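Here the structure is laid out as structure tokens; the discussion comes afterwards.
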Protein chains: 2
Amino acid sequence: MPRPKPRNVRGFRDRFAADLLLKQRMVETVRRVYESYGFVPMDTPALEFVDGLGKFLPESATPEGGIFYFRNPDAEESVPPSHPDHWVALRYDLTAPLARVVAQYQDLPRPFRRYQIGTVWRLERPGPGRFREFTQFDFDSVGVKSVAADAETCSIVCDTLEALGFAADDYLVKVNNRKVMQGVLEVAGVGDADLGNIDSQGAAVLRAIDKLDRLGLPGVVALLGEGRKDRSGHFAEGAGLEPSQIERVERYLGGTAGTRDAVCAELMELVGDSETGREGVEELLSMHEQLGAGGYGDDRVSFDPTIVRGLSYYTGPVFEGVLTREITDEDGKVREFGSIFGGGRYDDLVERFTGQKVPATGASAGVDRMLEAVKLLEANPRRSTSRVLVTVMDKKRVPDYLRIAGEIRASGIAVEVFLGSGNIGKQLKYADKVGIELAVIAGSDEFKAGEVQVKDLALGRELAAGIESNEEWRAARPAQQAVPTEKLVETLQGLLRAIDR
Amino acid sequence: MPRPKPRNVRGFRDRFAADLLLKQRMVETVRRVYESYGFVPMDTPALEFVDGLGKFLPESATPEGGIFYFRNPDAEESVPPSHPDHWVALRYDLTAPLARVVAQYQDLPRPFRRYQIGTVWRLERPGPGRFREFTQFDFDSVGVKSVAADAETCSIVCDTLEALGFAADDYLVKVNNRKVMQGVLEVAGVGDADLGNIDSQGAAVLRAIDKLDRLGLPGVVALLGEGRKDRSGHFAEGAGLEPSQIERVERYLGGTAGTRDAVCAELMELVGDSETGREGVEELLSMHEQLGAGGYGDDRVSFDPTIVRGLSYYTGPVFEGVLTREITDEDGKVREFGSIFGGGRYDDLVERFTGQKVPATGASAGVDRMLEAVKLLEANPRRSTSRVLVTVMDKKRVPDYLRIAGEIRASGIAVEVFLGSGNIGKQLKYADKVGIELAVIAGSDEFKAGEVQVKDLALGRELAAGIESNEEWRAARPAQQAVPTEKLVETLQGLLRAIDR
């Protein structure tokens, strides 16, 4: 049998310690904020029936567009592809499974406030920084009609970003309301403006506007009309609006800026006598009041008509949490993170299962983007958990080394014994490579004398820079000290305190 | 379009707060132990190429037996099913992906000590408490030949179970060595004893012994010989051993008990002059010494020849961590948890990719079984994160309620405002249902007086038991007090301290 080639499936990746140690701390911080608002954890499976997931992804007019799906292995041969039990798929978000859960369990509390962290999968074209498997960290309130819940959602996004170390002027939560956009389209005379129907002209307009960041206004305008050809030659069909209708949408997109109440005043004019549109603006006004009561001013939460969100299940307020501070990476390049949070209200998502209206709203954090941003706030990310390496000078003494490590560990210091192969030089190189700061060295001389050598590896590197010869090195043994065995733990604690200062 | 039925894929389940809040704490505890030994996190994708995963599951003689696999959506039409790029699958454990990673990244440190928590999937027949999706929490040392690493692995299992609240006599780590079993088979004259080859007679013996817990000795003996029919009428083929060979295996399984050195002495006799067998016993003796140096005695780590493990990639020491204390559930029934930890040495798993030997050993925790056990140690599992509910007496005052909640939250108390619909009675019932302990109540009277009502819900239920009429209730308002607004946080803190005592 030929040897398999070790490789990742396209669009998938492995992650290592420097990223993950930070990710864990970050996730804990986010969790604490969600919990401080009373959200409780929930978990759902990776696999769902395709009919339960629904068709809500942007660009997925085909039944299984954008998802990883396959034949349900339990389905009998006689179950045809058209049968709802035939296909299962990896979930593409955590909102569709939440709706399924709410429909399935009749005795959940109302409101049902849950958070969920989980992997989701999308069958998209992968690219730099664009993967098919990523982590979302959602919180949602189900059974809440009042837009006070939408306002609260925005506050939680602010609190989370600030708990992660971003200042109030590093980010912005940009809010819109799909009802406002629907109103604008109605007034413009777009016949089929139903944004909740993925096949409507209104939904096509929404998908076009969602590309504003990437394509700029001219690209969006082309997509609002006839369509446009991208660089690869692929032609994307347009929404087919009339020029006068496009002009109204352009006015909507470009003509609104300023404080929340100023934006509301302008929007109220743009929606004219559309009832849905006016309702949308009223909701924004109400959110404005509630946000203000919590101290969330225009500097942190703004109203922005260009925010529409790609997923087609939203029915009211929608928003994104974006970083506005210019963050430069180690090469001095300005990094773009896109939206770190996205969310909104989706009042019809449970109804598709049960026929009963269950209003709901919430937000989703893109954990991977969030991590990329948080990484740049971190000056010295840790790569190791061990802080001490107990080296092995004499293989026969391994039980002694294990015992010494056990004593160090009992004092609360993470420590490992070098159990690989190689001489002391190789062992210290290992410590260096993985980022362990201190080494304990004991050979037969030390055991006889009842002492151990302790070496400060970082300091050793510094001092070594000034040393000319091997002889000089051996004489000086920089940053190394002999310590009586019974003082070992105390010495290590002292050195680590000094390092952490 | 017909409404989809909300349902789970067979063998999959949803999880809720009471379980998950405990699971989070448990996982944190486990992680801290792993980190105290210097293991660092790693993450791999849910999807792997089938050829990279290999065929190591017990009972999976067929190429994709036991796994969820499907066509790689990137594979061109021209890629035949026999091509390695054709099939992708959900991972069935975290060890096979680790081997793939070690083969794929040449610059990983050696030893490479990583932990990984992740979901794995197995296409098995689901049953009570038996799911197709579960969580494993592994730690492994790659690039370590010495069985000191296997001894350390067993110590870590002990430390973990004790950190979770189990006492030293609540559990046992049972250790064996596959080389010993191979030696016994060689001495018994089993021609094809290669345990690493899933199609060998030796591997069939191993799979039979692995069923000892479930089938008892007579069932295993049948499987060692001709085979046996199970209750459903399904016939499982046997390993086809001769009666004299079966007798030797029976002696091996039944005749060894006692302290670790006593077991080693008996095993040394049973393996006779088999070189592999003697090597296996020597390794056990070496582990015995190293375990002793760390203080891990016979009461916590025993040697047990019946432990073989089902996965076919193990090459040396194998072990299981099992709970031995009889734990009874709330119905007084004794609960069986099976092994909570399993693991061993798998020196050939990287070699199948690279041709180079990379010794490795480690352990896997079954997080779901672990949780079931830990749950029974927990007297009062929390279901909520909020400890205070700010009720809404007057919808127009929502901004005020949000502000009050913000002040409570700023003091470090998790709190939520009731944003659903319903009168005060329904709101207090909600608090009861989700497990919130205190309620804050403020209507126009209270706002006018600059005060709020604080209600201790648990105490209220207790006191209410002694109250006869609605009038008496309204007069007494048990466990409820009026507090000046500026004393609210202080009052809540005091009440929560009392509850937590």
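Let me confirm something: among B:Ser312, B:Ser339, which residue is of a type in the set (Ser, Thr, Tyr) and under 17 Å from the mean Cα position of the chain (by Cα)? Outline the logic, then answer.
Details: B:Ser312 fails: under 17 Å from the mean Cα position of the chain (by Cα).
Selected residue: B:Ser339, the only one of B:Ser312, B:Ser339 that is of a type in the set (Ser, Thr, Tyr) and under 17 Å from the mean Cα position of the chain (by Cα).
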Checklist entry - Across region A:275-321, what is the number of residues that are modelled with pLDDT of 95 or more and among the hydrophobic types (A, V, I, L, M, F, W, C)? => result 9
Checklist entry - Looking at region B:33-58, which of the residues that are facing chain A (nearest Cβ under 9 Å) and of a type in the set (D, E, K, R) is surrounded by the fewest Cβ atoms within 10 Å (Cβ to Cβ)? => result B:Glu35
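When the residues of region B:109-124 are filtered to those that are in a loop (DSSP other than H, G, I, E, B) and more than 7 Å from chain A (Cβ to nearest Cβ), which remaining residue is modelled with the lowest pLDDT? Reasoning before the result, please.
The initial filter retains those residues of region B:109-124 that are in a loop (DSSP other than H, G, I, E, B), namely B:109-111, B:122-124.
Among the residues that remain, those that are also more than 7 Å from chain A (Cβ to nearest Cβ) are: B:122, B:124.
Working: B:Arg122: 94, B:Glu124: 88.
Among those residues, the one meeting the criterion is B:Glu124.
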Item to check | B:Pro243, sole failed condition from (1) at pLDDT below 90; (2) farther than 28 Å from B:Val175 by Cβ | outcome: (1)
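Among the candidates B:Ser411, B:Ser364, B:Ser421, single out the residue that is touching a residue at least 24 places away in the same chain (Cβ under 8 Å) and either surrounded by 16 or more Cβ atoms within 10 Å (Cβ to Cβ) or among the basic types (Lys, Arg) (or both). Walk me through it before giving the result.
Working: B:Ser411 fails: either surrounded by 16 or more Cβ atoms within 10 Å (Cβ to Cβ) or among the basic types (Lys, Arg) (or both); B:Ser421 fails: touching a residue at least 24 places away in the same chain (Cβ under 8 Å).
Matching residue, one of B:Ser411, B:Ser364, B:Ser421: B:Ser364.
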Item to check | Within region B:410-421, tally of residues that are assigned to a loop (DSSP other than H, G, I, E, B) and farther than 14 Å from B:Val398 by Cα | outcome: 4
Item to check | Per-region count, region A:342-375, residues over 16 Å from the mean Cα position of the chain (by Cα), more than 19 Å from A:Val120 (Cβ to Cβ) and of a type in the set (Gly, Ala, Ser) | outcome: 1
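With A:Gly297, A:Gly342, A:Gly332, A:Gly355 as the choices, which residue is buried (at least 19 other Cβ atoms within 10 Å of the Cβ) and of a type in the set (Gly, Ala, Ser)? Quick ask: steps written out before the conclusion?
Numbers: A:Gly297 fails: buried (at least 19 other Cβ atoms within 10 Å of the Cβ); A:Gly332 fails: buried (at least 19 other Cβ atoms within 10 Å of the Cβ); A:Gly355 fails: buried (at least 19 other Cβ atoms within 10 Å of the Cβ).
On inspection, the qualifying residue turns out to be A:Gly342.
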Checklist entry - Before we move on, is B:Val392 in a helix (DSSP H, G or I) and either crowded, with 21+ Cβ neighbours inside 10 Å or of a type in the set (Ser, Thr, Tyr) (or both)? => result no
Checklist entry - Counting only residues that are assigned to a loop (DSSP other than H, G, I, E, B) and among the aliphatic types (A, V, I, L, M), how many does region A:319-372 have? => result 3
Next on the checklist: I need a count of the residues in region A:406-445 that are under 25 Å from B:Gly292 (Cβ atoms), within 12 Å of another protein chain (Cβ to nearest Cβ) and among the β-branched types (Val, Ile, Thr).
Outcome noted: 4
Checklist entry - Looking at region B:193-234, which of its residues are loosely packed, with under 15 Cβ neighbours inside 10 Å, under 15 Å from B:Ile246 (Cα atoms) and of a type in the set (D, E, K, R)? => result B:Glu226
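I need the full set of residues from region A:278-295 which are within 11 Å of another protein chain (Cβ to nearest Cβ) and more than 15 Å from A:Ala262 (Cα to Cα), in order please.
First pass over region A:278-295, keeping only residues within 11 Å of another protein chain (Cβ to nearest Cβ): A:286-295.
Passing the criteria: A:Gln290, A:Leu291, A:Ala293, A:Gly294, A:Gly295.
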Checklist entry - Can you find even one residue in region A:15-28 that is over 28 Å from A:Cys154 (Cα atoms), buried (at least 19 other Cβ atoms within 10 Å of the Cβ) and at the interface with chain B (Cβ under 10 Å from one of its Cβ atoms)? => result yes
Next on the checklist: Checking the structure you have, find out if any residue of region A:152-160 is within 11 Å of chain B (Cβ to nearest Cβ) and closer than 30 Å to A:Ser200 by Cα.
Outcome noted: yes
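Just give me the residues in region B:388-400 being under 42 Å from the mean Cα position of the chain (by Cα) and not β-branched (Val, Ile, Thr), in sequence order.
The first filter runs over region B:388-400 and keeps only residues under 42 Å from the mean Cα position of the chain (by Cα), leaving B:388-392.
If the condition is that a residue be under 42 Å from the mean Cα position of the chain (by Cα) and not β-branched (Val, Ile, Thr), then B:Leu389 is the only one that fits.
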Checklist entry - Given the structure, is A:Tyr430 hydroxyl-bearing (Ser, Thr, Tyr) and either under 24 Å from A:Lys487 (Cα atoms) or modelled with pLDDT under 95 (or both)? => result no
Next on the checklist: I want to confirm something. Restricting to region A:150-206 and keeping residues that are among the hydroxyl-bearing types (Ser, Thr, Tyr) and within 20 Å of the chain's Cα centre (by Cα), which single residue is farthest from A:Asp138 (Cα to Cα)?
Outcome noted: A:Tyr171
Checklist entry - Looking at B:Glu282, B:Glu266, B:Glu247, which one is surrounded by fewer than 20 Cβ atoms within 10 Å (Cβ to Cβ), assigned to a helix (DSSP H, G or I), in contact with a Ser or Thr (Cβ under 8 Å, 6 or more places away or on another chain) and without any contact (Cβ under 8 Å) to a residue 24 or more places away in the chain? => result B:Glu266
Next on the checklist: Take the conditions surrounded by fewer than 18 Cβ atoms within 10 Å (Cβ to Cβ) and either in contact with a Lys or Arg (Cβ under 8 Å, 6 or more places away or on another chain) or in contact (Cβ under 8 Å) with a residue 40 or more places away in the chain (or both) and apply them to A:Pro126. Does it pass?
Outcome noted: yes
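Here is a yes/no grid of residues against (1) at the interface with another protein chain (Cβ under 9 Å from one of its Cβ atoms); (2) modelled with pLDDT of 95 or more; (3) under 21 Å from A:Lys5 (Cβ atoms):
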| residue | (1), (2), (3) |
| --- | --- |
| B:Ser78 | no, no, yes |
| B:Trp87 | no, no, yes |
| B:Arg91 | no, yes, yes |
| B:Gln104 | yes, yes, yes |
| B:Glu133 | yes, yes, no |
| B:Asp138 | no, yes, no |
| B:Ala149 | yes, yes, no |
Checklist entry - Has region A:157-169 got any residue that is of a type outside the set (A, V, I, L, M, F, W, C), at pLDDT 95 or above, closer than 23 Å to B:Arg403 by Cβ and in contact with a helix residue (DSSP H, G or I) (Cβ under 8 Å, 6 or more places away or on another chain)? => result yes
Item to check | Tally of residues being crowded, with 22+ Cβ neighbours inside 10 Å and outside any helix (DSSP H, G or I) across region B:424-438 | outcome: 2
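The values are calculated or read from the model by the stated rules, or taken from the named source; none is laboratory data. These figures come from a predicted structure and were not determined experimentally. Positions of Cβ are backbone-derived with ideal geometry, glycine not excepted, and every protein chain shown enters the neighbour counts.
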